1. Conditions first: (1) at pLDDT below 85; (2) under 14 Å from P63 (Cα atoms); (3) buried (at least 18 other Cβ atoms within 10 Å of the Cβ). D134 passes all but one, so which condition is the exception?
2. Looking at the stretch 77-98, which of the residues that are open to solvent by 90 Å² or more (accessible area, probe 1.4 Å) and free of Cβ contacts under 8 Å to residues at least 60 places away in the same chain is nearest to A178 (Cα to Cα)?
3. Being at pLDDT below 90 and in a helix (DSSP H, G or I) is the filter here, so list the residues in the stretch 72-104 that pass it.
4. Which one of the conditions (1) open to solvent by 20 Å² or more (accessible area, probe 1.4 Å); (2) of a type outside the set (S, T, Y); (3) modelled with pLDDT of 90 or more does P143 fail to meet, given that it meets all the rest?
5. Only one of (1) modelled with pLDDT of 90 or more; (2) open to solvent by 50 Å² or more (accessible area, probe 1.4 Å) is not met by R192, so which one is it?
6. Regarding L185, is this residue surrounded by fewer than 21 Cβ atoms within 10 Å (Cβ to Cβ), at pLDDT below 80 and in contact with a helix residue (DSSP H, G or I) (Cβ under 9 Å, 6 or more places away or on another chain)?
7. If you scan the stretch 154-204, which residues turn out to be in a helix (DSSP H, G or I), free of Cβ contacts under 8 Å to residues at least 24 places away in the same chain and among the aliphatic types (A, V, I, L, M)?
Amino acid sequence: MAPRTFLTAPVTRGGPFVRARSRVLIAVALALLPGCRDSGSDPLAALVASEIVPAVAVPVELPTLGLLAADAEVRDELAPVLEAWLLAWEADDPDLGRSARDEAIRQAAPALRDALGAGGVSSTLDPLFQVERDLGDIGSVPPDLAPALEEIRSLVSDTRAALDAGRHDRALTVGLQASDRIRELGPRAVARTLIARADRALVRGEVTGAVDARSMARGERLLTGARRALEEGEVDLSIERAWYAAQLLEGKGDEGG
């Protein structure tokens, strides 16, 4: 099958405040490798099992904390919270970054609720319910992607229940967390996560000496190349290099590819 190229707006420090008009791309890594299937009948436009990891494309525009703050004209009021949310995307530890973003969302929810009103909250979160319907139609999910998609399903279900109960703060909180979970699987987020993983493995290997010198040298070159590719906007290349760098630096040799 011919390679497919997915388009997505770059995620930069100011990016979350800009409304993305193109499709939202969820990707755990390369969707350009052999092994993909025709996605014409797939509800999410593309659910691809590659030789490395799977990818999903969602053809809807999802809410983000930054976008909503701009739309609701409360960016100045929420400036410290928004800054914390943005910085959390850069955290080396994905779990800590996720926790920090969740907390920022909880702090921002009341002001957003007041500014948007009940109708605004409902319409803002509606794209998540389209994602929920699409996810429910998928019959076979690659194992690497299954836990993340199941968490997204659960969060969106909680969002719907909160809206039905008139708990708009709760609906915004859980809905924006669901949207963030989806973006955690986006290409740039994945590249940064893999680079951080490879960097930790490099430090660990230098300390322990558990990885042979040839693998260490190759892994370090790949890691440097991954960082450069990300800086230059070549996200797919960055992901590929970072993945193989981590494999080498973790002592797994060439088994990753």
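1. Only one criterion is unmet by D134, namely (2).
2. This residue is D95.
3. Start the filter on the stretch 72-104 by keeping residues that are at pLDDT below 90, which leaves 89-95.
P94, D95, listed by residue number.
4. Tallying (1) open to solvent by 20 Å² or more (accessible area, probe 1.4 Å); (2) of a type outside the set (S, T, Y); (3) modelled with pLDDT of 90 or more, P143 fails exactly one: (3).
5. (1)
6. Numbers: surrounded by fewer than 21 Cβ atoms within 10 Å (Cβ to Cβ): no; at pLDDT below 80: yes; in contact with a helix residue (DSSP H, G or I) (Cβ under 9 Å, 6 or more places away or on another chain): yes.
Spelling it out, it is not the case that L185 is surrounded by fewer than 21 Cβ atoms within 10 Å (Cβ to Cβ), at pLDDT below 80 and in contact with a helix residue (DSSP H, G or I) (Cβ under 9 Å, 6 or more places away or on another chain).
7. Across the stretch 154-204, the qualifying residues are A161, A162, V174, V203.
Per-residue answers, yes or no, for (1) of a type in the set (G, A, S); (2) open to solvent by 20 Å² or more (accessible area, probe 1.4 Å); (3) over 25 Å from E103 (Cβ atoms); (4) out of contact with any helix residue (DSSP H, G or I) (no Cβ under 8 Å at 6 or more places or on another chain):
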| site | (1), (2), (3), (4) |
| --- | --- |
| R153 | no, yes, no, no |
| L163 | no, yes, no, no |
| L172 | no, no, no, no |
| R197 | no, yes, no, no |
| L202 | no, no, yes, no |
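The values are calculated or read from the model by the stated rules, or taken from the named source; none is laboratory data. All of these numbers come straight from a predicted model, not from anything done at the bench. Here Cβ is always computed from backbone atoms with ideal geometry, including for glycine, and neighbour counts include all displayed protein chains. Accessible surface is based on the protein model in full, side chains and every heavy atom, while ligands, DNA and RNA are left aside. Shrake-Rupley method; radii C 1.70, N 1.55, O 1.52, S 1.80 Å.
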